[in-house]
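Have a look at the structure below, then the notes.
What follows draws every value from the coordinates through simple rules; no lab data is involved. For clarity, every value in this text was computed on a predicted model and none was experimentally measured. Glycine also receives a Cβ, built like all others from the backbone with ideal geometry; neighbour counts cover every protein chain displayed.
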Amino acid sequence: MKSPLLSLPGAVPAEGVDEGVAAHYGDLFREQRALADGAGFVDLSHRGVVAVTGEDRLSWLHLLLTQHVSELPTGEATEALILSAHGHIEHALYLVDDGTTVWAHVEPGTQEALIAYLESMKFFYRVEVADRTADFAVVHLPAGSITEVPDGVVVRETAYGRDLFLPRAELESFAAKAGPPAGLLAHEALRVEHHRPRLGFETDHRTIPHELGWIGTAVHLQKGCYRGQETVARVQNLGKPPRRLVFLHLDGSEVHLPPPGTEIRVADEGEDGRKIGFVTTSVRHFELGPVALALVKRNVPADARLVAGGTAAAQEVIVEP
């Protein structure tokens, strides 16, 4: 779904899964600084929007999600996962309940598969699931923003800012009042800075929550009765995950960033050294320079010097070895 904000001056379209919104508006670092200072907004209107209504919505979702939501207070933001039977991550949901409806935004293009799964699990519960992507656009306001939110708009407030479920028809008029727009690249740079994983970027077909530091934030350990819970409990109580998420400081003298999927090796083992991981997201940050998130084998020493493709990289621990 192409955003009308791509008509704003300087807008350069994003590609791949983020197609439909702007990658940037002509000045990547200025846009990052604005967001870091609490100014402007990010158009996330390409993300899927799913709404769950009905008397049993919270108790029913509690049975399906990794998060404890049966008593989720009205207006309190949370995030949750849906796992496969083997504990691998299939969906990531960013949730808020407004008192009558649970609103969730999800990765672009994943809402249909998510809704199909939810529909298959309704049974006798008094719930209705709807795809509201065509009617509502997700807009992000950074932490510290003083932008006024229109009356009646559902807001999901977190430490990183506010996600608005804005009626899509109001997107252009809101943008005209919300300050300078920032593109997806600026939003991604701050996401990487804050070590926040993203479904489809930091995950593959075998990722489990422990590898990404999603335990505690998206996975509640004091509840069971959800698909994949056995794997979560076993790894938590009896072992450690096979991989771990790391933050990489990349050699700033390189012109090109190592793209997602770039193989990572231990520098001391030379060019023929064994592959120990891969880059998941790489960005240019306005203060930190070129940085990335990556998945590496758990037993890689935390002080090991790494090479991502041909780029030297120093790791910063996110998930403990």
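Let me check against my output: what whole-number percent is the relative contact order of segment 240-321, with C-alpha pairs under 8 Å and at least 6 apart?
On the way: 190 pairs, mean separation 34.0, N = 82.
Answer for segment 240-321 is 42 percent.
Could you work out the Kirkwood radius for segment 139-232, taking every pair of different alpha carbons, averaging 1/r and inverting it, reported in Å? Please list the in-between numbers first.
Details: mean 1/r = 0.0625 Å⁻¹.
Kirkwood hydrodynamic radius for segment 139-232: 16.0 Å.
How big is the dipole moment of the chain about its Cα centre under a simple scheme where the beta carbon of each Lys and Arg is +1, that of each Asp and Glu is -1, and everything else is neutral? Debye, nearest 20, please. Don't jump to the answer; show the numbers that get you there.
Details: 29 positive and 44 negative charges, 146 e Å.
Roughly 700 debye for the chain.
At 7 Å along the Cα-to-beta-carbon direction for both Ala143 and Lys2, put a label point, then send me their distance in nm to one decimal.
3.7 nm
Looking at the chain as a GNM with Cα springs under 10 Å, which of Ile208, Ile146, Ile82 has the largest mean-square fluctuation?
Of Ile208, Ile146, Ile82, the Gaussian network model singles out Ile146 as fluctuating most.
Got a sec? Which residues in segment 1-45 would a label at Ala176 touch, if it sits 7 Å along Cα→Cβ and we count backbone N under 17 Å?
Only 4-9 fall inside the zone, counting backbone N under 17 Å.
Would you grab the residues whose amide H sits under 5 Å from the one on Gly26? Only those 5+ places off in sequence or on another chain, please, with H modelled 1.01 Å from N.
It is Val12, by chain and number.
Spin-label point model (7 Å from Cα, Cβ direction): what's the Arg206 to Lys240 distance in nm?
Going from the Arg206 label point to the Lys240 one covers 1.8 nm.
Percent antiparallel among DSSP beta bridges with both residues in the chain, to the nearest 5? Let's see the in-between values first.
Values: 66 of 69 bridges.
Once the DSSP bridges in the chain are tallied, antiparallel ones form about 95 percent.
Straight-line reach from Lys240: which lysines fall under 29 Å, measuring Cα to Cα and dropping same-chain residues less than 8 apart?
Once the sequence-local lysines are set aside, what remains near Lys240 is Lys223, Lys275, Lys297.
Taking only DSSP H segments of four or more residues, each worth -39500 (n - 2.57), what value at 222 nm results for the chain once the sum is divided by all its residues, to the nearest 500 deg cm²/dmol?
Values: 7 runs with 58 residues, N = 321.
Value at 222 nm, helices only: -5000 deg cm²/dmol.
How large is the charge dipole for segment 56-162, taken about the Cα centre, if only the Cβ atoms of Lys, Arg (+1) and Asp, Glu (-1) carry charge, to the nearest 20 debye? Before the final figure, lay out the partial values.
Details: 6 positive and 16 negative charges, 31 e Å.
Dipole about the Cα centre, nearest 20: 160 debye.
When the chain is treated as a GNM, springs tying every alpha-carbon pair under 10 Å, which of Leu185, Leu238, Leu257 comes out with the largest mean-square fluctuation?
Leu238
Give the share of C-alpha pairs in each 10 angstrom bin for the chain, from 0 to the last occupied bin, in whole percents, shortest bins first.
6, 25, 32, 25, 10, 1, 0
List the residues whose amide H sits under 5 Å from the amide H of Leu221, counting only those 5 or more places along or on another chain, with H placed 1.01 Å from N in the peptide plane.
Gly216
In bins 10 Å wide, starting from 0, what share of all Cα pairs of segment 27-166 does each bin hold, as a percent?
12, 41, 33, 12, 3, 0
Just name one of Leu190, Tyr226, Gly40: the one whose Cα is farthest towards the positive end of the charge dipole of the chain (beta-carbon charges, Lys/Arg +1, Asp/Glu -1).
Tyr226
Using the Cα centre of segment 176-321 as the reference point, and only Cβ charges (+1 on K/R, -1 on D/E), how large is the resulting charge dipole? Debye, rounded to the nearest 20. Walk me through the numbers on the way to the answer.
Details: 18 positive and 17 negative charges, 153 e Å.
Result for segment 176-321 is approximately 740 debye, rounded to the nearest 20.
I need to check one value: relative contact order of the chain, counting alpha carbon pairs closer than 8 Å and at least 6 residues apart, in percent. Write down the numbers at each step before the final one.
Working: 710 pairs, mean separation 59.3, N = 321.
Once normalised by length, the contact order is 18 percent.
Could you tell me which residue out of Leu250, Ile208, Gly109 lies farthest along the dipole of the chain toward its positive end? Charges go on the beta carbon: Lys and Arg +1, Asp and Glu -1, centred on the Cα centre.
Ile208
Could you work out how far apart the two model spin labels at Ala314 and Leu221 are, taking each label as a point 7 Å from the Cα in the direction of the beta carbon, and quote it in nm?
Taking the simple label geometry, Ala314 and Leu221 are separated by 3.1 nm.
Given a 10 angstrom Cα cut-off, can you work out which residue in Arg234, Arg162, Arg265 is the most mobile in a GNM of the chain?
Arg234
If you average the alpha carbon positions of segment 259-321 and of segment 82-140, how far apart do those two centres end up, in angstrom?
Result: 33 Å between the Cα centres.
Less than 20 Å from a label point 7 Å out along the Cα-to-Cβ axis of Met121: which backbone N atoms in segment 34-52 qualify, by residue?
Within reach of a label on Met121, which here means backbone N under 20 Å from a point 7 Å along Cα→Cβ, segment 34-52 contributes 48-52.
If you wrap a convex hull around the Cα atoms of segment 59-117, how much volume per residue is inside, in Å³?
About 85 Å³ per residue, rounded to a whole number.
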